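Below is one structure; the comments refer to it alone.
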Amino acid sequence: MANPEVPHRPWTQRYHVAAIGWSALLIALLVASSIMTGANFSIFLANIDQFFALLGQMSHPTWAYTKIIIQPLYETIQMALLGTTIGAALAVPFSLLAASNLVTNQILRNLIRFFLDLVRTLPDLLMAAIFVAIFGIGSTAGVVTLAIFSFGMVSKLFYEVIETIDMGPLEALKSVGASKVTLIWYAVLPQILNQFVSYFLYTLEINVRASTVLGYLGAGGIGVYLQRSLGEFNYGATAVIILATLVVVLIIDGLSNHLRRVLL
Amino acid sequence: MAATQPATDSIISFRHVNKVYANGTVGLKDINFDIPRGQFLVVVGLSGAGKSTLLRTINRLHEISSGEIQIDNEAISAYKGKALRQLRCHIGMIFQNFNLVKRSSVEKNVLSGLVGYYPTWKCVLGLFSAHDHQRVVQALDRVSLTPKIFARADELSGGQQQRVAIARTLMQDPHIILADEPVASLDPRTSKDVMDTLKRLNREDGITVIVNLHSVAIARQYADRIIGLRAGELVYDEPIANVTEANLDQIYN
């Protein structure tokens, strides 16, 4: 049997020119940015002993400190939960308006997306500083910061999910004379609900970690204690705070995995 | 309505209908024909001949570029908002891929056929009348799927999903059913189930049924009349009595 004729493959494709080219460019960019910013790996290596010294001190957690941080840790979780919920709730209408398969008006869609980009550009630390100045020291500033931060992030995650849905049910609902809102309620939401829950929990996890940092600026929660322990060089206490945060993150992660399995 | 009593008994009329897509592709070219009330009409033609486009111009899922389509002797091109939704209320549609909301229950999918009849807030809250809940059971009974009422749509086989889609359409109490390749993704036996169900609705309820098919064999078995499209043009139109293998071939050449 004669060999079937295989179409000719150009040499650029045969030797993966594009892939190799892009990889080389990426490495060149990395090296160049390291040189230009003066980030020096040898400094990191020269001072690594100090890093280990610190780690040594942190490896003896002051367990007695656990009692003190339970209340602020609780406050941190409440802040994260409130901020994430408010942010995610606001994100739902915006993500629907930003999805290219639902909104055909390109001007409106781009306006919404520009607004969302703008919100995501605001650094959370800057927002926390501003809101502490406005609302005073305490968890209100933290909650508002987390809500805005979650809103920006979740909106993008949500509209990317919406853009992957099956459009068939939408056509069916349209064909029976459904209004826009009914269409979204019956054909869009059931398709995205489980991913929404999953992203909500992911954001909650990020917010628990973020709120520890926000506490630094006086935005409430466990961050205040983190700052205090570091300021007093009480690394044993720092270790307890980090471990406690880890426990919370692990619990949320477990919950998220469980819910995703159940809802799928 | 009395003033616009049907002059003829055509339920749908196409008058010089043209459709040109934004990129210049011709979808439909000067289509003229009438569909009598209660007919089982099959549209055949190659993929891309304009069958789906033709079907979707009837419930305005696709807009036409020029010409006129009349339903019950009323031009439908100008319908907007509520009037358009009301038009769609009475036109059922069946799709090749069933287009059920897979993660919702069979009951909710069937109920969704009613949303054109209810105000939005009642749909969102799921406030359907007890009578309509009863009708869901009856509709499912007609497609022999009552035991599956609380199952999730994606737990059903393809043929069962298509029957749920038919039950959804029944809730609309339609005068017209449009079916776009309803059996293209089904095996021969379930295809027969689905086509038999459509035929029964046509005979028993007097619903006008328009089906797109690429299988000429199935078309000849069920149609009262076959029309053929080629490159957006109506090239064939015969009552089933006059259809022969030889003259059907002209659609494909």
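Other protein chain C-beta atoms within 10 Å of residue C-beta, averaged over B:94-102: 5. Between the residues A:N110, A:A39, A:L204, the greatest Cα displacement towards the positive end of the dipole of the protein assembly as shown, with unit charges on the Cβ of Lys, Arg, Asp and Glu, is found for A:L204.
Given a 1.4 Å probe and the protein chains as shown, B:V137 ends up with an accessible area of around 50 Å². With contributions of -39500 (n - 2.57) from each DSSP H run of at least four residues, the per-residue ellipticity at 222 nm computed over chain A stands at -25500 deg cm²/dmol. By the combined test of axial Cα extent (at least 27 Å) and Kyte-Doolittle hydropathy (mean at least -1.0), none of the DSSP H helices of chain B qualifies. Applying 1/(1 + (r/R0)^6) with R0 = 41 Å to the Cβ-Cβ distance of A:Y74 and B:A184 gives a FRET efficiency near 0.10.
Taken per residue, the accessible surface of region A:62-263 reaches 47 Å², heavy atoms only and a 1.4 Å probe. Projecting the Cα atoms of A:P10, A:G220, A:Q78 onto the charge dipole of chain A (Cβ charges, centred on the Cα centre) puts A:P10 farthest toward the positive pole. Among complete DSSP H helices in chain A, those whose alpha-carbon atoms stretch at least 24 Å along the helix's long axis and whose mean Kyte-Doolittle hydropathy reaches 0.0 are A:17-37, A:65-98, A:139-162, A:189-214, A:235-263.
Under the simplified labelling scheme, the A:R228-A:A28 pair shows an inter-label distance of 5.4 nm, with each label point 7 Å from Cα along Cα→Cβ.
Working from label points 7 Å from Cα in the Cα-to-Cβ sense, the A:I137 to A:F44 distance is 3.6 nm.
Taken over chain B, lysine pairs spaced eight or more positions apart, or on distinct chains, with alpha carbons under 16 Å apart number 6. The accessible surface of the protein assembly as shown, taken with every protein chain in place and a 1.4 Å probe, is 63 percent carbon and sulfur. Pulled fully out, how much extra length does the chain show between A:Y216 and A:A53, if you take 0.36 nm times their separation in residues and subtract their Cα-Cα distance? Separation in residues times 0.36 nm, less the Cα-Cα distance, equals 56.3 nm. A simple charge model with +1 on the Cβ of Lys and Arg, -1 on the Cβ of Asp and Glu and nothing else charged puts the dipole of region A:62-263 at about 140 debye relative to its Cα centre. Counting only Cβ charges, +1 for Lys and Arg and -1 for Asp and Glu, the dipole size of the protein assembly as shown around its Cα centre is about 460 debye. In this label model, B:A151 and B:Q250 are separated by 4.6 nm, measuring between points 7 Å along each Cα→Cβ vector.
The values are calculated or read from the model by the stated rules, or taken from the named source; none is laboratory data. What you see is a predicted model, and the numbers here were worked out from it, not measured in a lab. Please note: Cβ atoms are built from the backbone with ideal geometry, for glycine as well, and neighbour counts cover all protein chains shown. Calculation scope for accessible area: heavy atoms of the full protein, side chains included, ligands and nucleic acids excluded. Shrake-Rupley method; radii C 1.70, N 1.55, O 1.52, S 1.80 Å.
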